[in-house]
Ligand SMILES: CCCNC(=O)[C@H](O)[C@@H](O)C(=O)O
């Protein structure tokens, strides 16, 4: 299975005093840019190259299944990714002037999405854990230390309330504008961006970690990890009818963070555009199965980073992988969410 974040996009929104408005973006807010399309086309080429010999050269609908959140930027990222993975050759060409073939991208309506959108907002116990997180020393120190800075951002941006979450949004908007050559207002110096970045990453760290990580993960990313483990176990089952060799999930930065915190391998940084977490199931000589994980978060290096589950070797026996992750897999999430 592979999980990736969509590619480069326009900001989700503007802050009140932002000189740039939705009309300054070719497709408006929250939309995949051509840079984002290229990023996923390239990731698709990487995946096909990496799995040459495992996946058939030609697209085979029995071998790969793609699911995306029902959001334009993730649906379009998956389409660009598949254009990179499976350009048609020979008999697959349906239009000689077009090196592209349609490949299904599955999804579910946003209000029914429970696998790929995090944090899920249907869990009172998780809300309680987040309220408790905001009372921890580490959170209070972070907000106290940056009190004047947050106040300055509030005044400059015209935001009614500023907290760690809304700071994420200001950083995101300024980051997207800078990436697309839009000059920031004078108050946005490089040190302001650096502090915003630290606070933004802190926002990701507290989302599923820092305080009661395991319980937060049981209620959030553990749902996705449970599904991935089921995919791996089915593939390893002797009588495996499952022909699907690769499950691909097209999602968001918070999806990757939720999953990586459940695995206790999160590096504390927002996953970059088109970053990709890979699980590979390998069969050993003796017939047993092992899981290897990789995280491709830097396209300047040719190979993705190996990622080890804490307490297990990089090539982790499937049974150990299941045992070591059991504590973040919810047994009865509805019950665990009640307060
Ligand atoms: C409220 C906006 C939430 N942000 C998103 O959905 C983005 O896709 C974000 O998750 C990302 O990966 O950029």
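Distance between the C-alpha centers of region 150-175 and region 27-44? Whole Å please.
For region 150-175 versus region 27-44, the Cα centre distance is 25 Å.
What is the antiparallel percent of DSSP beta bridges lying wholly in the chain, to the nearest 5?
Antiparallel: roughly 60 percent of the beta bridges in the chain.
Angle, helix 147-157 long axis vs. longest principal axis of the chain, Cα atoms, 0 to 90°, nearest 10?
It works out to around 90 degrees.
Return one number: the angle in degrees, 0 to 90 and rounded to the nearest 10, between the long axis of the Cα atoms of helix 164-179 and the longest principal axis of the Cα atoms of the chain.
Once rounded, the angle reads 80 degrees.
What whole-number value in cubic angstrom gives the convex hull volume per residue for the C-alpha atoms of region 67-162?
Details: hull volume 18.0 nm³, N = 96.
Value for region 67-162: 187 Å³ per residue.
Would you mind ranking 150, 339 so that the residue whose beta carbon has the fewest other beta carbons within 10 Å leads the list?
Values: 150 22, 339 9.
Listing 150, 339 from fewest to most nearby Cβ atoms yields 339, 150.
Let me know the volume per residue of the alpha-carbon convex hull for region 277-332, in Å³. Spell out each step's value before the answer.
On the way: hull volume 5.7 nm³, N = 56.
Enclosed volume per residue, from the Cα hull, is 101 Å³.
Among 259, 47, 116, which one shows the biggest mean-square fluctuation in a GNM of the chain, springs joining Cα atoms closer than 10 Å?
Judging by the Gaussian network model, the answer is 47.
Once you treat every alpha carbon in region 1-148 as an equal point and sum by Debye, what is log10 I(q)/I(0) at q = 0.13, 0.14, 0.17 Å⁻¹?
-0.81, -0.89, -1.08
If I model region 51-107 as equal point scatterers sitting on the Cα atoms and use the Debye formula, what is log10 I(q)/I(0) at q = 0.14, 0.28 Å⁻¹?
-0.40, -1.20
Over what distance in Å are the Cα centres of region 111-140 and region 227-305 separated?
Going from one Cα centre to the other spans 24 Å.
Quick one: which of 223-235, 301-313 comes out on top by average Cβ neighbours within 10 Å, and what's the full order, highest first? Don't skip to the end; give the middle numbers.
On the way: 223-235: 18.8, 301-313: 12.6.
My ranking of the peptides, most packed first, is 223-235, 301-313.
Which angle between 0 and 90 degrees, to the nearest 10, do you get for helix 72-85 versus the longest principal axis of the chain when only C-alpha atoms count?
For helix 72-85, the angle is close to 40 degrees.
At 222 nm, what value in deg cm²/dmol follows for the chain if DSSP H runs of at least 4 each add -39500 (n - 2.57) and the sum is divided by all its residues, to the nearest 500? Walk me through the intermediate numbers first.
Working: 12 runs with 141 residues, N = 339.
Calculated at 222 nm, the ellipticity per residue is -13000 deg cm²/dmol.
So, by mean Cβ neighbours within 10 angstrom, what's the order for 265-276, 157-168 with the highest one leading? Don't jump to the answer; show the numbers that get you there.
Working: 265-276: 19.8, 157-168: 16.6.
The peptides rank, most packed first, as 265-276, 157-168.
Once you keep just the Cα pairs under 8 angstrom separated by 6 or more residues, what percentage relative contact order results for the chain? Before the final figure, lay out each step's value.
Details: 529 pairs, mean separation 83.3, N = 339.
Here the relative contact order equals 25 percent.
In what order do 254, 189 fall by count of nearby beta-carbon atoms within 10 Å, going from fewest to most?
On the way: 254 21, 189 10.
Lowest to highest Cβ neighbour count: 189, 254.
Principal axis lengths of the chain from Cα atoms, whole Å, largest first?
The Cα atoms of the chain stretch 61, 52, 36 Å along their principal axes.
Wrap a convex hull around the Cα atoms of region 186-256, take a quarter of its surface area, and give that in square nanometres. Please report the intermediate quantities before stating the final value.
Numbers: hull surface 28.9 nm².
Quarter of the Cα hull surface area: 7.2 nm².
Values quoted throughout were computed directly from the atomic coordinates according to the rules given, and no laboratory measurement underlies them. These figures come from a predicted structure and were not determined experimentally. Note: ideal-geometry Cβ built from the backbone for every residue, glycine included; neighbour counts use all protein chains shown.
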